[in-house]
Amino acid sequence: MDYSEKVMDHFANPRNCRVMEDANGVGTVGNPTCGDLMTIYIKVEDNVIQDISFQTFGCGAAIATSSMITEIAVGKTVEEALQISRNDVAEELDGLPPIKMHCSNLAADGLQAAIENYKENNQ
């Protein structure tokens, strides 16, 4: 499978890979077909994602997309972050093989789940 240099870099050197103990939004998503499991943690202050991290059990593409979505979302408002799509993640990684596009779905879904969790806890 042909991965871009960015995918390989984010897989080998993932950014923001850690449990966030003081997160005020947590989203866990999985794909039963491939076995990938991802948890996204966010810390929102004044409606802006101030900190974001992840833990992923899965393939290299799942780890790379998790890492990339943390870089895309940090500093964005909750509303802006909700607009991040799977295609945005794949484009920022200079593409993914078609068979791995579901990994970017998982990253976007994980972020949305974390935001929904944040909203539920802060109404």
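Taken together, the values in this text are just the output of simple stated rules run on the coordinates, not laboratory data. These figures come from a predicted structure and were not determined experimentally. Neighbour counts run over all protein chains shown; Cβ positions are idealised from the backbone, glycine included.
Data for the structure
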{"read-out": "Relative contact order %, the chain, counting alpha carbon pairs below 8 Å whose residues are six or more apart", "value": "32 percent"}
{"read-out": "Difference of contour (0.36 nm per residue) and Cα-Cα distance, GLU79 to ASP2", "value": "24.4 nm"}
{"read-out": "Amide proton proximity set for ASP36, modelled H, under 5 Å, gap of 5+", "value": "ASN31"}
{"read-out": "Label-point separation in nm, GLU120 to ASN47, each point 7 Å along Cα→Cβ", "value": "2.3 nm"}
{"read-out": "J(HN,Hα) series, the range 77-94, from Karplus relation 6.51 cos²θ - 1.76 cosθ + 1.60, nearest Hz, glycine and proline x", "value": "5, 4, 5, 5, 5, 5, 7, 5, 9, 4, 5, 4, 5, 4, 5, 5, 8, 6"}
{"read-out": "Reachable lysines from LYS76, criterion Cα separation under 21 angstrom, eight or more residues apart if same chain", "value": "LYS43, LYS119"}
{"read-out": "Within the range 47-123: Cβ-based charge dipole about Cα centre, in debye rounded to nearest 20 (Lys, Arg +1; Asp, Glu -1)", "value": "180 debye"}
